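Right, one structure below, let's go through it.
The values are calculated or read from the model by the stated rules, or taken from the named source; none is laboratory data. Predicted model only: the values in this text are computed from it and were never measured. Here the Cβ positions follow ideal geometry from the backbone for every residue, glycine too, while neighbour counts run over all protein chains shown. Please note that ligands, DNA and RNA were not included when accessible areas were found on the heavy atoms of the full protein model with its side chains. Shrake-Rupley method; radii C 1.70, N 1.55, O 1.52, S 1.80 Å.
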Amino acid sequence: MMETTQRRNELINKLIVHKVYKKGERQLFELTLEELEEEFRSVKKECHPHTESGSIHWINCTKVTV
């Protein structure tokens, strides 16, 4: 049960990163786990690998010189 809730929340958060807030007239929290998985697969297919959610971003790093 807890695992399912965690997975749903994870998928909802990932969809929000991709600016997906609804599917049709339904909010993401209204969708089943299967519907969220399907929507995420659909978004992932269209996503460029170097978008905000797919690339590595270095934060607070300093350049090291040798």
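Things worth noting here:
- Per this entry, E39 is counted among residues that are modelled with pLDDT of 65 or more, in contact with a strand residue (DSSP E or B) (Cβ under 7 Å, 6 or more places away or on another chain) and not in a loop (DSSP other than H, G, I, E, B).
- Scan of the range 1-36 for residues that are in contact (Cβ under 8 Å) with a residue 24 or more places away in the chain and either at positive phi or in a helix (DSSP H, G or I) (or both), ordered by number: T4, R7, R8, L11, I12, K14, L15, V17, L33, L36
- Selection count where residues are more than 21 Å from C47 (Cα to Cα) and open to solvent by less than 50 Å² (accessible area, probe 1.4 Å), scope the range 1-36: 1
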